[in-house]
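Presented below is the structure to which this report refers.
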Amino acid sequence: MSKRSIAQVLVGIDGNTVLFGARKIKTKLITEMHKHGLSEQVQVIETGSIGPANQGVIIGVYPAGEMYGNITEEEVVEFVQERFVKGRPYKKLLLSEKLPAGIDLTAYDSRKTQYLGRIVLDNCGKINPEDIEEYIGMRGYEALGIILKEKTSEEVIKIVRDSGLKGRGGAGFPTGLKWSFTAKVKDTPKYVICNADEGEPGTFKDRLIMEGDPHKVLEGMAICGYAIGANTGYIYIRGEYQLSIQRLEKAIKDAEKLGLLGENIFGTDFDFQVKIKIGAGSYVCGEETALLTSMEGFRGEPRFKPPFPAESGFLAKPTNINNVETFANIAPIILNGAEWFKKLGTESSSGTKVYTVLGHIKRSGLIEVPMGVTLREIIYDYAGGMSSGNFKMTQIGGTAGNLLSSEFLDVPLDFQSLKEVGYSLGSGAVLIMNETVSVVDFIKCCMKFFVHESCGKCTPCREGTRYAYEILDKISLGKGKADDIESLKLLGESMKDSSFCPFGQSAPNSLLNSLSLFPEEYNNLLIK
Amino acid sequence: MKNLEELKKIRDRVRKDLELRTGKHRIKIVVCLGTCGIAAGARETMNTLIDLIAKKDTPDTIVTTAGCAGFCQQEPMIQLYIEDKEPVVYGKVDQKAAEEIFEKHILKGEIVEKYLFSKGK
């Protein structure tokens, strides 16, 4: 930055905004600034997702902290004229006078959790993800440097364990414990795998983390590698995530150039390299054993556990697999300590959770909130309330997640509280629906997805999803009979009990929830 | 990268660039950059202030711009917002005046009566 710069315009460039022409808008902003002789004073910088997902191209203006949305190429001319030549907020497109980075957690000052800022998304929408120096400026790679110099691998695992971090992929297994399993195994080489095969419909948090702050994921993986004794990391990423792949590839190259990845990192004898493996778009490959099978070059089918990946994972070697968001939590935990992390969130689930909120709400998009925030707070405080109609139900954790009715609005969203009511937190998608949505049609849609994605290895899942879909279809067309409801229940329960992998075990989740929460919706459609 | 010190060197260099986005800003200087202000030399005033911030290393101070405030004969005008203090408006702030105000008001907290236009909201 030249020292003359007085303002910075950040253009949020992620998978969504690219489709709205974000790159063209960035170019146009630069041209317009130049035209007004403002090139020196106002810097135009590319960044990851700023947050909102249904507001077109989003730009942020610093230091004022304003956020603008739905900006088009034509509008840029007037925007620059008003905002930078005349120097007043451009009211027409102003979404908020405070960027999400500044508001998300401050709303909870009065709770027992004091404001600690964002953890995972701290840099998203703030730094240029393609500039490694900006990441370093935000204390990037410092955690890696510190542990290589001062800590043994046991100490690193202890910090992660003490922090209470649980896996953010959905199952919520304690991360430190998982690391210690792989660390204990004598066999080498060991592998670190980052599960970035985010296939859950409605979930796109991992994509936005990778697009907004790729180095944070790499640093977390390298720290994990040091802790468990691995020298190779793989990122298994969805092929559709083009921008994430590009940015990760650039990040790896830049980090290698500076000696932050590769051989003899920080002048020590620790080597760690990261490779990218692109998935071919199969939903089941997000399941860790299917992911391993796919990485080995076979058809992506799950395999039996035990042996667990910690003992016999990729190429039958000890392997530690974590989700993108889990890895993104590691460097901040090392830098700030386990106690710091524990302060945020609830007793059983420390830290924050990144959610993608969508559906019938005013502001859909990406948010990061402390664990234990309730659904009501997410809908009415963060998402700005319902966009139309009244709240009817919500599906958390994506299609394989659970369906919740209004009586669950005040249940704290964390691993333990949800377990107590028989639910799980899942991947982080929060789909909110109003009374115009038919429960039966919605569940039918979800089931259709599972029919399509089932890998076919085990009968309960392959046949169960298909039959469930057929029965649901029949009911939705008004041709169902009373005993069809019983069949659905039996089918769902059997799939849960007898499917081979979490895919088939969780496929009937929402179906079973809907049968107990909204029985009248089914009954109304039956032949009387 | 041979050691942590090298990393910290990059960090500290870049951190200044990121200050606009991350820092806490205690002092905000608003330069009126309407047509009248620009004609009277507000741009030069602004550049002087920006140079001073860099030179004196006061990253908690930011400069932004605004339009004409309606007192064109007083241009170049600047408004000074300091945390927990009443806003102060200075008039006829040329480069020399800007240096004086920066030295006295921003660094030491003394109001420069010579250029004072108004005080309070």
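The values are calculated or read from the model by the stated rules, or taken from the named source; none is laboratory data. What you are looking at is a predicted structure, and each value in this text was computed from that prediction instead of being measured. Methodologically, a virtual Cβ is constructed for each residue, glycine included, from the backbone with ideal geometry; neighbour enumeration extends over all protein chains shown.
Remarks
- Top-ranked residue of region A:91-102 - restricted to ones that are at pLDDT below 90 and surrounded by 17 or more Cβ atoms within 10 Å (Cβ to Cβ), ranked as nearest to A:Thr356 (Cα to Cα): A:Pro100
- Number of positions in region B:61-82 that are in a strand (DSSP E or B) and among the polar types (S, T, N, Q): 4
- If the condition is being surrounded by fewer than 20 Cβ atoms within 10 Å (Cβ to Cβ) and polar (S, T, N, Q), then region A:46-65 contributes only A:Asn54.
- Checked against (1) over 30 Å from A:Gly239 (Cβ atoms); (2) outside any loop (DSSP other than H, G, I, E, B); (3) within 14 Å of chain B (Cβ to nearest Cβ), A:Arg139 meets all criteria but (2).
- Residues that are in a loop (DSSP other than H, G, I, E, B) and in contact with a helix residue (DSSP H, G or I) (Cβ under 6 Å, 6 or more places away or on another chain), drawn from region B:93-105: B:Val93
Residues are listed down the side, and each one gets a yes or a no for (1) assigned to a helix (DSSP H, G or I); (2) within 30 Å of A:Ala230 (Cα to Cα); (3) assigned by TED's automatic domain parsing to the domain that holds A:Val156:
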| site | (1), (2), (3) |
| --- | --- |
| A:Asn320 | no, yes, yes |
| A:Glu325 | yes, yes, yes |
| A:Glu368 | no, no, no |
| A:Gly398 | no, no, no |
| A:Gln416 | yes, no, no |
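- Qualifying residue in region A:438-456 (condition: within 28 Å of the chain's Cα centre (by Cα) and under 30 Å from A:Ser348 (Cα atoms)): no
- Test result for A:Ile58, away from chain B (no Cβ under 14 Å) and either touching a residue at least 12 places away in the same chain (Cβ under 8 Å) or within 32 Å of the chain's Cα centre (by Cα) (or both): yes
- Within region A:358-370, at least one residue is touching a Phe, Trp or Tyr at 6+ places or on another chain (Cβ under 9 Å) and acidic (Asp, Glu).
- Once region B:1-60 is narrowed to residues that are polar (S, T, N, Q) and not in a helix (DSSP H, G or I), the residue that is nearest to A:Arg83 (Cα to Cα) is B:Thr58.
- Single match in B:Ile38, B:Ile50, B:Ile78 (criterion: of a type in the set (Val, Ile, Thr) and more than 12 Å from chain A (Cβ to nearest Cβ)): B:Ile78
- Residue within region A:449-469 that is under 25 Å from A:Gly389 (Cβ atoms), of a type in the set (Phe, Trp, Tyr) and either part of a helix (DSSP H, G or I) or at pLDDT 95 or above (or both) present: yes
- Residues of region A:285-308 that are among the acidic types (Asp, Glu) and surrounded by fewer than 16 Cβ atoms within 10 Å (Cβ to Cβ): A:Glu296 alone.
Residues are listed down the side, and each one gets a yes or a no for (1) in a helix (DSSP H, G or I); (2) of a type in the set (Val, Ile, Thr); (3) at pLDDT 95 or above; (4) within 12 Å of the chain's Cα centre (by Cα):
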site	(1), (2), (3), (4)
A:Glu198	no, no, no, yes
A:Thr203	no, yes, no, yes
A:Glu211	yes, no, no, yes
A:Met221	yes, no, yes, no
A:Ala227	yes, no, yes, no
A:Tyr236	no, no, yes, no
A:Glu240	no, no, no, no
A:Ile245	yes, yes, yes, no
A:Glu249	yes, no, yes, no
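- The listed residues are A:Val437, A:Val430, and the only one of them that is touching a strand residue (DSSP E or B) at 6+ places or on another chain (Cβ under 9 Å), over 22 Å from A:Gly172 (Cβ atoms) and not in a helix (DSSP H, G or I) turns out to be A:Val437.
- Qualifying residue in region A:466-477 (condition: under 31 Å from the mean Cα position of the chain (by Cα) and of a type in the set (S, T, N, Q)): no
- Qualifying residue in region A:114-123 (condition: over 18 Å from A:Ser349 (Cβ atoms) and either part of a helix (DSSP H, G or I) or at pLDDT 95 or above (or both)): no
- The single condition from (1) more than 8 Å from chain A (Cβ to nearest Cβ); (2) buried (at least 21 other Cβ atoms within 10 Å of the Cβ) that B:Asp60 fails is (2).
- Any hit, region A:73-80, residues being buried (at least 20 other Cβ atoms within 10 Å of the Cβ) and in contact with a Lys or Arg (Cβ under 6 Å, 6 or more places away or on another chain): yes
- The single condition from (1) acidic (Asp, Glu); (2) assigned to a helix (DSSP H, G or I); (3) crowded, with 16+ Cβ neighbours inside 10 Å that A:Glu407 fails is (3).
- Residues of region A:332-366 that are part of a strand (DSSP E or B) and either touching a Leu at 6+ places or on another chain (Cβ under 9 Å) or more than 13 Å from A:Gly164 (Cα to Cα) (or both): A:Ser350, A:Thr352, A:Lys353, A:Val354, A:Tyr355, A:Thr356, A:Val357, A:Leu358, A:Gly359, A:Ile361, A:Gly365, A:Leu366.
- Cβ separations smaller than 6 Å between residues 6+ apart or across chains give the following pairs from region B:5-27 residues that are at the interface with another protein chain (Cβ under 9 Å from one of its Cβ atoms) and within 17 Å of A:Gly60 (Cα to Cα) to residues that are of a type in the set (Gly, Ala, Ser) and crowded, with 17+ Cβ neighbours inside 10 Å: B:Leu18/A:Gly137.
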